[in-house]
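The values are calculated or read from the model by the stated rules, or taken from the named source; none is laboratory data. These figures come from a predicted structure and were not determined experimentally. Note that each Cβ is placed from the backbone with ideal geometry, even for glycine, and that neighbours are counted across all protein chains shown. Calculation scope for accessible area: heavy atoms of the full protein, side chains included, ligands and nucleic acids excluded. Shrake-Rupley method; radii C 1.70, N 1.55, O 1.52, S 1.80 Å.
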Amino acid sequence: MTQPLPSVPFLRLLFFCLLSISAGYAQTVRYVKPDGSGDGSSWASASANLQAIINASTAGDQVWVAAGTYKPGGNTNTDRLISFSMKDGVAIYGGFIGLETALSERPTSITTSPSSSILSGDLGTPDVATDNSEHVIVNTNLSSTAILDGFVITSATLSAAGRGGGMNNLTSSPTIRNCYFTNHRTNNTYNTGGGGLYNDAGSTPSITNCTFNNNRVQYGTAILSEAPSLTLTNCTFASNQGEAAGTLNGNAVFMINCTFSNNIATAGSNGGFGAAARLGAGSILINCLFSGNTTAGYGGALTIEGTSTLTNCIFRGNQATGYGGAGNSGGFGGAIYMSGNSSFVNCTFSNNRAGGRVRSAGGAVYIFSGTPSFTNCSFANNTDDRQGGAIYNESGTTTLINNILWGNLPNGIINTSNANTVLTYTDTQDNTPGIGNFSLDPLFADAAGDNLRLRACSPAIDKGNNAANSTPTDLNNSPRLVRQIDLGAYEFQGTPQALVAITQQPNPYFSIPEGGTLTATVTASGSVSSYQWYKDGVAISGATSATLTVSNLNASNAGRYYVVVTGVCNSATSAEFTLVVNTGMYTVKSGRWDDASVWSMNRVPASGDAVRIKHLVTVPGEYVARARQLSYDPGQTLQLSTGSKVNLAQ
């Protein structure tokens, strides 16, 4: 039976339904240029009003913004309280030249350097901070579908108790990528926070490939987050400066591949906390670098409150300096000041410092309380003015396994009477007893230069406990288990080599006649790669074997000799020996001076001879021995009988 055809009204209804569905998934791109005067439908018809274009967009739309400077309320606005606002479902992309037809054509430089599209709060008089926007961007009730990608956000000025100069998120969790938050300030430092970005308790934005640079407010100079959590990926924090707390001030922070460098936390009478970050319980840090940060008080790089996990992180050249008046000046934890039960895996601490006029402790780490653990970490060249060059443990029990602590001053680990540190399988400069512990130079590649990789001859290779390992790779992202696990943050990937050592020294003294031959030999153990002999401190050409042979000796060959034996990762220098070349009359055996057979020329010396005494020689009674000069081999003497004498003509 033939089915009837659908009626015309039904077809019309179906058409409009399909049209509505397709419209719901349509994506519109709108365009913005600083000199635009159109409706934003194309680059040729671009608008200059960024906020109007954002407002006109609907879910799924994109806003493309060309290079240039855009100010809240327009470039002539002077109202400090007007801000840009993002919109749910709308993706705002900056950094375009203004000719692109696809997002993929946008210059790639925006992901590695500041974008050419600038959202600026520099209102009124240029470069005068007092009349700048309070907030460049304010977001309310946004989800992660609101996207900001490829902008410089700059030049807000917070008033007293202000939050979020660059971006203020109120119950908003936008997606922020490839942005640069810089030069945000305050008119009044009192209780100002989040110079670059602020999150209230209901805001958990995702922040990726962003830089926070040169911001100046009281605390949380780059980011202040009151939310339960915050996620940062591939972000950089550099040269920010605050007071009481650090560049990043948050609760549970998840950070991966982030860098904090040259940030500063100054302080008043109570001290500052963490120039790079002040972290709450539940924080997770992976592959992060903290370098050159300085705090006047507590934690040159970090303060950690509660239990957190840090894996594959580097702390180098951070400082906790003194604060307050002369009676309360101290720096505690050159890299980290912490409480709680945090764990550190595959981390390095090098060239960090804590100091102060009156008090200080913990060149790298100050543990106020808790039961933290360190596994496969390396501490080198950290210093404290007073105690605990690597770690100062105030209270609780700290566990270290598979670690290296070497070259920290004035010592490695200091525990108070309320604290205890348990070390196993650790190379410790303090020669701490325990299972698998020892005290030998670990032979870092370059500790002064913060390179704590192991050289091929390191005694720390294959000396760890495999059961303590929890990561498949080391700090260098190389396999963590090659054979037996190594101590420290880096696993040596090659074939271990033995240290060079000299096991047999050359004879200390040679006395050889002119025209004779010198043969001196050294024996060495280990992975020897070369020998080089020296005479009077100058390398002898061609003398590059374990045996030195010099033939047809003359007076110029006399001197002091030694050899340097070089291996894969160390060298050893032999003891010196002395070569005397006998060029005049010398004894060939013990006997009487007047016996010609005693002398090398088979005659008795005359007044013109230079004479060397190499054996026991006796001058008989009433005999006058004659020579121009006398010299002696070590331990040899000339015995004078009754009435005998020696006349020297020199």
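Structure data summary
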item: Identity of the residue in region 165-177, part of a loop (DSSP other than H, G, I, E, B) and surrounded by fewer than 23 Cβ atoms within 10 Å (Cβ to Cβ), that ends up farthest from the chain's Cα centre (by Cα); result: 171
item: Which listed residue, of 278, 316, is closer than 17 Å to residue 230 by Cα and among the charged types (D, E, K, R); result: 278
item: Residue check for residue 471: in contact with a Ser or Thr (Cβ under 7 Å, 6 or more places away or on another chain), assigned to a loop (DSSP other than H, G, I, E, B) and over 30 Å from residue 584 (Cβ atoms); result: yes
item: Residue within region 201-210 that is touching a Leu at 6+ places or on another chain (Cβ under 7 Å), open to solvent by 10 Å² or more (accessible area, probe 1.4 Å) and part of a loop (DSSP other than H, G, I, E, B) present; result: yes
item: Test: residue in region 184-198 that is under 29 Å from the mean Cα position of the chain (by Cα), modelled with pLDDT under 95 and in a strand (DSSP E or B); result: yes
item: Filter result for residue 115 (small (Gly, Ala, Ser), over 24 Å from residue 142 (Cβ atoms) and in a loop (DSSP other than H, G, I, E, B)); result: no
item: Residue among 371, 397, 303 that alone is in a strand (DSSP E or B) and open to solvent by 10 Å² or more (accessible area, probe 1.4 Å); result: 397
item: Region 276-296 - residue that is among the hydrophobic types (A, V, I, L, M, F, W, C) and farther than 26 Å from residue 476 by Cβ and, of those, surrounded by the most Cβ atoms within 10 Å (Cβ to Cβ); result: 296
item: Any hit, region 123-140, residues being modelled with pLDDT of 95 or more, more than 35 Å from the chain's Cα centre (by Cα), charged (D, E, K, R) and open to solvent by 50 Å² or more (accessible area, probe 1.4 Å); result: no
item: Candidate set: region 539-598, residues that are under 30 Å from residue 492 (Cα atoms), modelled with pLDDT under 95 and assigned to a strand (DSSP E or B); chosen: the one most open to solvent (accessible area, probe 1.4 Å); result: 571
item: Residue in region 616-629 that is within 22 Å of residue 579 (Cβ to Cβ), touching a residue at least 12 places away in the same chain (Cβ under 8 Å) and part of a strand (DSSP E or B) present; result: yes
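Table: residues versus (1) at pLDDT 95 or above; (2) touching an Asp or Glu at 6+ places or on another chain (Cβ under 8 Å); (3) within 23 Å of residue 329 (Cα to Cα).
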| residue | (1), (2), (3) |
| --- | --- |
| 379 | yes, no, no |
| 382 | yes, no, yes |
| 391 | yes, no, yes |
| 397 | yes, no, no |
| 401 | yes, no, no |
| 407 | yes, no, no |
| 426 | yes, no, no |
| 439 | yes, yes, no |
| 447 | yes, no, no |
